[in-house]
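Read through the structure below, which is laid out as structure tokens, and then see the notes.
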Amino acid sequence: MIYKFYQQYIFPHLLNQVMQTASLMDKRRELLLAVSGEALEIGFGTGLNLPFYQNVDTLYALEPNIDIYHLAAERVHSTPFDVQHVQAGAEKLPFADNSLDHIISTWTLCSVAEIEQALDEIYRVLKPTGTFHLVEHVQHNENTKIRHLQNALNPIQKKVADGCNLNRNIEKLLKNAQFELYECQYFDAAGIPKIGSRMLLARARKL
Ligand SMILES: C[S@@+](CC[C@H](N)C(=O)[O-])C[C@H]1O[C@@H](n2cnc3c(N)ncnc32)[C@H](O)[C@@H]1O
């Protein structure tokens, strides 16, 4: 019961605060300037990407957790383009094959329970000429000590952060799902504890 209370009333607010860390906001800007027209964002969260879309007409805001989406209400309301909430998980996307030019994920692939299935779905709905834009925290492949800590603390992280995994090798998962990364930038985000600060910003297309 206490855990349910935490998940419903406390975690969404913590998420909304942590995800506004300045270094993350800078990367949102860098990632999203290239997005235009119609786009799908998976794991929309509390709507923190909205100010950074400069040329978008319609955004499908896929967010399964209604308690989190509620915190996006004001941001959605003051956005000058069309934002349509889609309450679904990325594992089963309610979109046609080859139908979208842009799909975005910002710090969501860590939390999707069935990650391989979700990447297959993203692949299915992305147009052959489309782009998957993403920025994610990832497994630290260059630092063995941090990688071991990520593995050791992953079960606790999943409990306190709504299913978030510290140790996913996102580049490998993308390649296994037949994506080609034509932009691939690793960096350490300032203001985030070392265990979760290794990040990947990438743009991928279908092979
Ligand atoms: C760490 S938050 C990131 C939120 C937002 N993308 C951002 O950049 O602030 C992860 C988000 O993924 C969502 N999520 C969890 N499981 C999901 C799934 N299976 N499909 C889509 N989104 C999911 C969560 O509800 C949460 O909003």
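Measuring between alpha carbons in the structure, the pairs from LYS127/LYS175; LYS145/LYS206; LYS92/LYS158; LYS4/LYS175; LYS4/LYS27 lying more than 25 angstrom apart are LYS145/LYS206; LYS4/LYS175; LYS4/LYS27.
In this structure the amide hydrogen of VAL83, modeled in the peptide plane, comes within under 5 Å of the amide hydrogens of LEU59, none closer than 5 places in sequence on its chain. Rounded to the nearest 20 debye, the dipole magnitude of the chain is 700 debye, with +1 charges on Lys and Arg beta carbons, -1 on Asp and Glu beta carbons, and the Cα centre as origin.
For the peptides 6-12, 102-108, 162-168, residues were scored by their other Cβ atoms within 10 Å and the scores averaged per peptide; the highest-first order is 102-108, 162-168, 6-12.
If you take the charge dipole of the stretch 2-206 about its Cα centre, with +1 on Lys and Arg Cβ and -1 on Asp and Glu Cβ, which of HIS148, SER36, LEU109 is farthest toward its positive end? Toward the positive end, the furthest listed residue is HIS148.
Amide hydrogen proximity for ARG168: with H placed 1.01 Å from N in the peptide plane, the residues at 5 or more positions away or on another chain lying under 5 Å are GLN139. What a 1.4 Å probe finds exposed on the stretch 2-206 is 53% carbon and sulfur by accessible area, rounded to a whole percent.
Average accessible surface for the stretch 2-206: 48 Å² per residue, computed with a 1.4 Å probe over protein heavy atoms with every protein chain in place.
Across the stretch 21-31, coupling constants 3J(HN,Hα) worked out from phi with the 6.51/-1.76/1.60 Karplus curve, θ = phi - 60°, read 3, 4, 5, 6, 4, 4, 6, 4, 4, 4, 6 Hz, and Gly and Pro carry x.
The simple spin-label model puts a point 7 Å past each Cα toward its Cβ; for CYS184 and LYS92 those points are separated by 3.3 nm. The slack in the chain from GLN20 to ILE156, taken as 0.36 nm per residue of separation less the alpha-carbon distance, amounts to 46.7 nm. Computed on the Cα atoms alone, the convex hull of the stretch 20-86 gives a volume of 78 cubic angstrom per residue.
Near SER36: Cβ cut-off under 10 Å, other residues only, Lys/Arg at +1 and Asp/Glu at -1. The net charge is -3. Built from the Cα atoms of the chain, the convex hull projects on average onto 10.8 nm², one quarter of its surface area. Centre-to-centre, using Cα atoms only, the stretch 130-207 and the stretch 41-84 are separated by 23 Å. Whole-Hz Karplus values for the stretch 125-139 come out as 8, 6, 5, x, 9, x, 10, 9, 9, 8, 9, 8, 8, 9, 4 Hz, taken residue by residue from phi with 6.51 cos²θ - 1.76 cosθ + 1.60 and θ = phi - 60°; glycine and proline positions read x.
The values are calculated or read from the model by the stated rules, or taken from the named source; none is laboratory data. Quick caveat: nothing in here was measured; it's all calculated off a predicted structure. Note: ideal-geometry Cβ built from the backbone for every residue, glycine included; neighbour counts use all protein chains shown. When the accessible area is computed, the model is the full protein with side chains, heavy atoms only, and any ligands, DNA or RNA have been set aside. Shrake-Rupley method; radii C 1.70, N 1.55, O 1.52, S 1.80 Å.
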